[in-house]
Amino acid sequence: MKADIGLIGLAVMGQNLVLNMIDHGYTVAVYNRTVSKVDAFVEEANRNDALIGCHSIEELVEALQKPRKIILMVKAGSPVDDFINQLVPLLEKGDIIIDGGNSHYLDTIRRTKFLEEQGILFVGTGISGGEEGARHGPAIMPGGSKDAWPLIKPIFQDIAAKVDGVPCCEWMGPDGAGHYVKMVHNGIEYADMQLISEAYHLLRYYMKLDVDQISDIFAEWNQGKLKSYLIEITSDILKVKDEDGLPLIDKVLDAAGQKGTGKWTAISSLELGVPTTLITTAVYQRFLSALKDTRVEAASKIKDVDHEEITESSKIDEDFINHLQEALYASKIVAYSQGFQLLSQASKEYNWDLNLGTIALIWRGGCIIRSAFLNKIKEVHDQNPHFEHLILETFFLKKVEMALPSLRKVVMKALSTGIPVPAFAAALTWLDSFRSKYLPANLIQAQRDYFGAHGFERIDYPRGTSFHVNWQEKLKTMKK
Ligand code: 2AM
């Protein structure tokens, strides 16, 4: 019997996807560079009828039903190209290669073009939900050669997470669309995590609450409009004690790591000219956190207000917890609004025709940013599929209007006590800029014209007419 699908790359994500597919009735052939892992996995999985271990790529290709479908779950970068190059001579027209790793979307664009030229279909797919998601239902974001979609759709939608019976997997668009959407998902995840950690910081060092109390607050927030996987796990994390009975969180070094997808999102937003300030701030803050030794030195040298000196009086500021919840909600709206703007701009730039409603729909379950909030985005999109900015749609507009004073209060308290809140502050200053009829960019234009003759538009002439003034000459003639 031939296998329904093949998978190369038996690290944990790969193994869990295989088991997930087998659970849904599919027969899977597997291969791994280190071949001993194939035998070890086949033996441990003990699914003889549904799992075929292969010791070479040729064997894998031979084991598959046509048109062949092969998922690569290998390290992003050159390993993906290496396997593609090894597979191409063995495959036939109409066979499908699927890259399920965190590849850069520009690589996926390049690979789709290269493989389509050979008559082979290529799918670059984002898979979110970590190891647990891969095993029991991830969110899946496929894009690439459209002809592949009907052939892989049943398997992909079977193994994906479901919300209200709807699979968290839909076709995203051509070439790099799937990997781009997954990348922005991760960028938004960075912003969400930064905001949550700032809220934790304020509860701990401004409100002076203990870790158990803060866990309870997150658990309570998880019952309301902030209900989400990340809030839920935050509450869990804060409950965990180390061997000595003290909170484990206090033993974790405060230097954040990263694998690059947040950075790629930030780079793309700069290239496309979309002010995705919460994501970029979150990425920068991870870099800044990683400078642990330098920060420790700076802490002893740059003295100013210090949260150590915050008096107990903040404890009775009960309202602050409610303001913080509102601030988190408002900032989350800003982060998602910015993220969706980036998707919208990229869609235009790369001709992907992304459906933002579908993206919100499939992010509702399986992935790390899954939340009640995404249901709302989907509803708002259904009412107005051509929205320009999420935040200008009635539902979110009202929410932001209500929460803005709380956000301002939280940021002002944090600034005056020296507790860093770069993401909350970025949300507030973005909102204040966004709702400004007037910004001092006129001065920037004048400076550019002064030193570089770059020209400027005038408010009393139609847009598009460029004016240049010799500012120094004008100054001289005025003095005369
Ligand atoms: P390995 O077990 O032989 O190391 C995640 O690292 C997966 O990608 C693993 O299956 C790993 O195979 C594979 N991988 C990493 N680098 C690779 C490379 N340069 N060539 C082939 N496979 C690679």
For the stretch 91-106, does any single residue satisfy the condition of being within 14 Å of the ligand (Cβ to nearest atom), in contact with a helix residue (DSSP H, G or I) (Cβ under 7 Å, 6 or more places away or on another chain), more than 30 Å from LYS263 (Cβ to Cβ) and not polar (S, T, N, Q)?
no
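Looking only at the stretch 170-222, count how many residues are of a type in the set (Gly, Ala, Ser) and open to solvent by 20 Å² or more (accessible area, probe 1.4 Å). Reasoning before the result, please.
From the stretch 170-222, those of a type in the set (Gly, Ala, Ser) are 173, 176-178, 187, 191, 197, 199, 215, 219; that's our starting set.
Next, only the ones that are open to solvent by 20 Å² or more (accessible area, probe 1.4 Å) stay: 197, 219.
Qualifying residue count for the region: 2.
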Would you be able to say whether some residue in the stretch 455-477 is β-branched (Val, Ile, Thr) and within 30 Å of PHE320 (Cβ to Cβ)?
no
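Which of the residues belonging to the stretch 44-83 are open to solvent by less than 30 Å² (accessible area, probe 1.4 Å) and within 15 Å of the ligand (Cβ to nearest atom)? I'd like the intermediate steps shown before the answer.
Start the filter on the stretch 44-83 by keeping residues that are open to solvent by less than 30 Å² (accessible area, probe 1.4 Å), which leaves 45, 50-51, 53-54, 57, 60-61, 63-64, 68-74, 77, 80, 83.
Within the stretch 44-83, GLY53, CYS54, ILE57, LEU60, ILE70, ILE71, LEU72, MET73, VAL74, GLY77, VAL80, PHE83 qualify.
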What single numbered condition from (1) within 27 Å of GLN338 (Cα to Cα); (2) not in a loop (DSSP other than H, G, I, E, B) fails to hold for ILE214?
(1)
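Consider the stretch 290-306. How many of its residues are under 28 Å from the mean Cα position of the chain (by Cα) and not in a helix (DSSP H, G or I)? Lay out the reasoning, then the answer.
Filtering the stretch 290-306 for residues under 28 Å from the mean Cα position of the chain (by Cα) gives 290-292, 295.
Subsequent filtering for residues that are not in a helix (DSSP H, G or I) retains 291.
Number of matching residues: 1.
Residues are listed down the side, and each one gets a yes or a no for (1) buried (at least 22 other Cβ atoms within 10 Å of the Cβ); (2) in contact with a strand residue (DSSP E or B) (Cβ under 6 Å, 6 or more places away or on another chain):
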position: ALA335; (1), (2): yes, no
position: GLY366; (1), (2): yes, yes
position: SER371; (1), (2): yes, yes
position: MET402; (1), (2): no, no
position: ILE419; (1), (2): no, no
position: ASP432; (1), (2): no, no
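Give the number of residues within the stretch 459-480 that are surrounded by 12 or more Cβ atoms within 10 Å (Cβ to Cβ) and part of a loop (DSSP other than H, G, I, E, B).
Step one: of the stretch 459-480, the residues surrounded by 12 or more Cβ atoms within 10 Å (Cβ to Cβ) are 469-471.
Still in the running and part of a loop (DSSP other than H, G, I, E, B): 469-470.
So the answer is 2.
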Pair list, Cβ < 9 Å and 6+ apart or interchain, from the stretch 462-480 residues that are over 18 Å from ILE444 (Cβ atoms) to residues that are in a loop (DSSP other than H, G, I, E, B) and open to solvent by 100 Å² or more (accessible area, probe 1.4 Å)
THR465/ARG458
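Suppose we filter ALA11, ALA29 for residues that are modelled with pLDDT of 95 or more and within 13 Å of the ligand (Cβ to nearest atom); which single one remains?
On the way: ALA29 fails: within 13 Å of the ligand (Cβ to nearest atom).
That would be ALA11, the only listed residue that is modelled with pLDDT of 95 or more and within 13 Å of the ligand (Cβ to nearest atom).
The values are calculated or read from the model by the stated rules, or taken from the named source; none is laboratory data. Just so it is clear, the structure is predicted and the values come from calculations on it, not from any experiment. Please note: Cβ atoms are built from the backbone with ideal geometry, for glycine as well, and neighbour counts cover all protein chains shown. Just so you know, the surface numbers come from the protein's heavy atoms only, side chains and all, with ligands and any DNA or RNA stripped out. Shrake-Rupley method; radii C 1.70, N 1.55, O 1.52, S 1.80 Å.
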